[in-house]
Amino acid sequence: MNSRFPKAEIGGTGTLVSGSVLVVLTVLIVFVLSSQVAAFSFAVFGDNQGRTETYKLLIKKLNADKSLSFAISAGDLTGYGTLKEYKTYKALNKSLHIPVYQTMGNHDAVNGGWRNFWQEFGRPYYAFVYENAKFIVLDNSFAQSFDAEQLAWLEAELANNLSEHLFVIMHKPVFDPSEIYKDHIMSGRAIIEKLMKLFEKFGVDYVFTGHIHGYAKSERNGVTYIVTGGAGAPLYLPPEFGGFYHYVKVTVDDGKIKDEIRMLYE
């Protein structure tokens, strides 16, 4: 599931050829591979914080959309990081018809909850490729989590990217697109500036975060930043400023990316 590539099939007898014919054939195969990348959609949500009733509705909505290939949580899967909460969350996800990738939030890390995250899901920062897109999940759940090791890993992942599109997911935003909860961003001005410069340098398309309980979207220097913290936790924002329960549907098709708000309560 982490990577999926279209198959290349060669017609005829399958006899190998050489010289200029092989060069032409190779070019044709590469062209076919690049032109046959399938369109796909995925969902991003955040901050259910163990609120099972709204999260069950989210699962129902995700299952109803047959175009989705997978989902990504932007963190705060739990309210207090307890092992029981993690087990409950995983049990609920068994009813999902698609895989869901996890991000560790501050509520998941508190009270030693980060150990439970590692136990249930593994390392909280990782990358995967799907079709023509690369996804990088980061851990900024608490002030000390974004250390030199993770930063070096991120720079290497960005520098070695071969995919057409780049998506980054982490829990805390580097700025508040709504400009209402400016204190609800990740710690450290220096690391924030470093990350934003890296996102711009390597052509990151979207950065998805949670932490602020609502929805907000902004674009800076070619990078689209979306806060999607509406999966169940009490909302911070009034409805007119993005305070509604929701997830974000993203569609990648023919070199274009489209994001849509999908409401849970309509």
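The values are calculated or read from the model by the stated rules, or taken from the named source; none is laboratory data. None of the values given here were measured: they were computed from a predicted structure. For neighbour counting, all protein chains shown are included, and Cβ atoms are generated from backbone atoms with ideal geometry for every residue, glycine included.
Here are the numbers for the structure shown:
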quantity: Condition met for residue 67 (surrounded by fewer than 19 Cβ atoms within 10 Å (Cβ to Cβ) and at pLDDT below 95); calculated: no
quantity: Enumerated strands (runs of 3 or more DSSP E) restricted to the stretch 186-266, each holding at least 2 residues that are aromatic (Phe, Trp, Tyr); calculated: 206-209
quantity: Output for the stretch 240-264, where each listed residue is modelled with pLDDT of 95 or more, loosely packed, with under 15 Cβ neighbours inside 10 Å, more than 15 Å from the chain's Cα centre (by Cα) and not acidic (Asp, Glu); calculated: 256, 263
quantity: Selection within the stretch 70-84 - within 15 Å of residue 107 (Cα to Cα) and either surrounded by fewer than 20 Cβ atoms within 10 Å (Cβ to Cβ) or of a type in the set (Phe, Trp, Tyr) (or both); calculated: 79, 80, 82, 83, 84
quantity: Filter result (of a type in the set (Val, Ile, Thr) and farther than 11 Å from residue 174 by Cβ) within the stretch 191-216; calculated: 204, 212
quantity: Residue 208, sole failed condition from (1) touching an Asp or Glu at 6+ places or on another chain (Cβ under 7 Å); (2) under 30 Å from residue 37 (Cα atoms); (3) of a type outside the set (D, E, K, R); (4) touching a residue at least 60 places away in the same chain (Cβ under 8 Å); calculated: (1)
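Every residue, every condition in (1) under 22 Å from residue 189 (Cα atoms); (2) at pLDDT 95 or above, yes or no:
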site	(1), (2)
95	no, yes
98	no, yes
106	yes, yes
113	no, yes
119	no, yes
122	no, yes
131	no, yes
138	yes, yes
144	yes, no
